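The values are calculated or read from the model by the stated rules, or taken from the named source; none is laboratory data. Please read these numbers as outputs of a predicted model, since none were measured by experiment. Backbone-built Cβ (ideal geometry, glycine too); neighbour counts: all protein chains shown.
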Amino acid sequence: MPPSTSSTTRGRLSIVACESGRPFADRMNQELLEIMRAENPGIGQVLRSTEEVAFANGEVKTVVKENIRGDDVYVIQAIDDPLSGRSVNDNFMALLTAINAVYQSDPDSITAVIPQFPYSRQERKKAREAITARLVAAALEEAGANRVITLDIHAEAIEGFFRRAILEDLHASKELIAYFRSILPAGCEEELVVVAPDTGGAHMARHYSMVFGCGFAVVDKARDYSRASVVESMRLVGNVRGKRVLMPDDLIATGGTLINACRLLREEGAREIYVACSLPFFNGPAVERLDKAHAEGLFESVVGTDAVWRGEKFAQEHSWYREVSVANLFARVIFNINRRRSVSELLK
């Protein structure tokens, strides 16, 4: 099938999957084909054949095995892949080689699809240190990306780090809210409070509270920036006594702050606590901590998305974990971009 020359599209839609991004790409590909075939039943495959080659010294390269000249190409990568032995840096370098391999193939446009934006917590100086998120943005542009699609980026300032590429920051709130509506009792608004785990998450939590039409509170924490992931003190601004609590966040790393917040909310009289996060990284001791906290009754469940793919076995082994898919969200956004349609309408 030759690339489209229609002014209503950006060219033939093509998906290129990096090795760690392949599970998410496969799920998204199925959603995308259903959307495309609703308009054109005869549409063919959009996932293109590529090979990621690893060398003995740790170097990596990507080889594109199909003609994608003139195509609208989307390169999918999971930067933090808990099911592989690859590091964040390994996967980021693989992403850059894939983007540049596509660039060398002369496409119409290149979009990097990275639900987990690397180094997003290093967007400003707190001491004599790099603003690493800016380096990531520059590297993506230098590799050849015209656009970057990510999910609930930790710091909105990163949008200003791109000089040429467009950053599309998607939100998992609609999918997560739909899940909680399905499990919470109808008419529970009077007994529900949405709690921001810190002041930085207040905007997200306020959105949840407005959608549910319920109360709102904030955990105010003082962080010790001389030590990684260390919080000195916490206090609650708001009332959760006798309430069901829903605590949304963009990511969970080591889980220490989350568990301390849950303990504080229990001490303040919260009846049930549900946690939602877009990116369930669960780094280091996080899983062990969450297992123990759930056994203590600090929370009912943690609901994450498949933007960090943990596999079916993980949910079976950890009864507190639930997963919501954002593959359809990414598929619809990619389809609309390719068809030159609004993306903001999808995010309302």
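Before moving on, here are some points about what is shown:
- Pairing each residue of segment 331-348 that is more than 13 Å from I166 (Cβ to Cβ) and in contact (Cβ under 8 Å) with a residue 24 or more places away in the chain with any residue that is among the basic types (K, R) and part of a helix (DSSP H, G or I), provided the two are 6+ apart or on different chains, yields C-beta distances under 8 Å for L347/K174.
- Consider segment 319-343 and keep the residues that are within 22 Å of L279 (Cβ to Cβ) and hydroxyl-bearing (S, T, Y). The one that is surrounded by the fewest Cβ atoms within 10 Å (Cβ to Cβ) is S319.
- Of note, A133 satisfies the criterion of being touching an Asp or Glu at 6+ places or on another chain (Cβ under 8 Å) and in a helix (DSSP H, G or I).
- Only listed residue being in contact with a strand residue (DSSP E or B) (Cβ under 8 Å, 6 or more places away or on another chain), within 19 Å of R147 (Cβ to Cβ) and basic (K, R), chosen from R48, R69: R48
- Criterion: more than 21 Å from M28 (Cα to Cα) and among the aromatic types (F, W, Y) - qualifying residue of F161, F92, F117: F161
- Of N67, N57, N100, all but one fail to be part of a loop (DSSP other than H, G, I, E, B), over 22 Å from V326 (Cβ atoms) and in contact (Cβ under 8 Å) with a residue 24 or more places away in the chain; the exception is N67.
- Looking at A186, A261, A157, A222, just one residue is within 30 Å of A127 (Cβ to Cβ), free of Cβ contacts under 8 Å to residues at least 24 places away in the same chain and not acidic (D, E), and that residue is A222.
- Tabulated pairs, segment 239-254, first under 22 Å from H171 (Cα atoms), second acidic (D, E), C-beta under 6 angstrom, 6+ apart or interchain: D250/D152
- Being over 17 Å from the mean Cα position of the chain (by Cα) and touching a residue at least 60 places away in the same chain (Cβ under 8 Å) is a description that does not apply to S105.
- Some residue of segment 74-82 being touching a helix residue (DSSP H, G or I) at 6+ places or on another chain (Cβ under 8 Å), under 16 Å from I337 (Cα atoms), of a type in the set (D, E, K, R) and crowded, with 23+ Cβ neighbours inside 10 Å: no
- Any hit, segment 268-276, residues being assigned by TED's automatic domain parsing to the domain that holds A202, touching a Leu at 6+ places or on another chain (Cβ under 8 Å) and over 16 Å from M234 (Cβ atoms): yes
- Subset of segment 19-71 (residues that are of a type outside the set (G, A, S), over 20 Å from T9 (Cβ atoms) and within 22 Å of the chain's Cα centre (by Cα)): E19, R22, P23, F24, D26, R27, Q30
- The criterion of being surrounded by 23 or more Cβ atoms within 10 Å (Cβ to Cβ), closer than 20 Å to L32 by Cβ and in the same structural domain as V343 (by TED's automatic domain parsing) holds for I68.
- Test: residue in segment 153-165 that is in a strand (DSSP E or B), assigned by TED's automatic domain parsing to the domain that holds A94, closer than 23 Å to C277 by Cβ and aliphatic (A, V, I, L, M): no
- Which numbered condition A315 fails, given (1) under 20 Å from K221 (Cβ atoms); (2) of a type in the set (G, A, S); (3) at pLDDT below 95: (1)
- Condition check for I114: among the hydrophobic types (A, V, I, L, M, F, W, C), surrounded by 15 or more Cβ atoms within 10 Å (Cβ to Cβ) and within 16 Å of the chain's Cα centre (by Cα): yes
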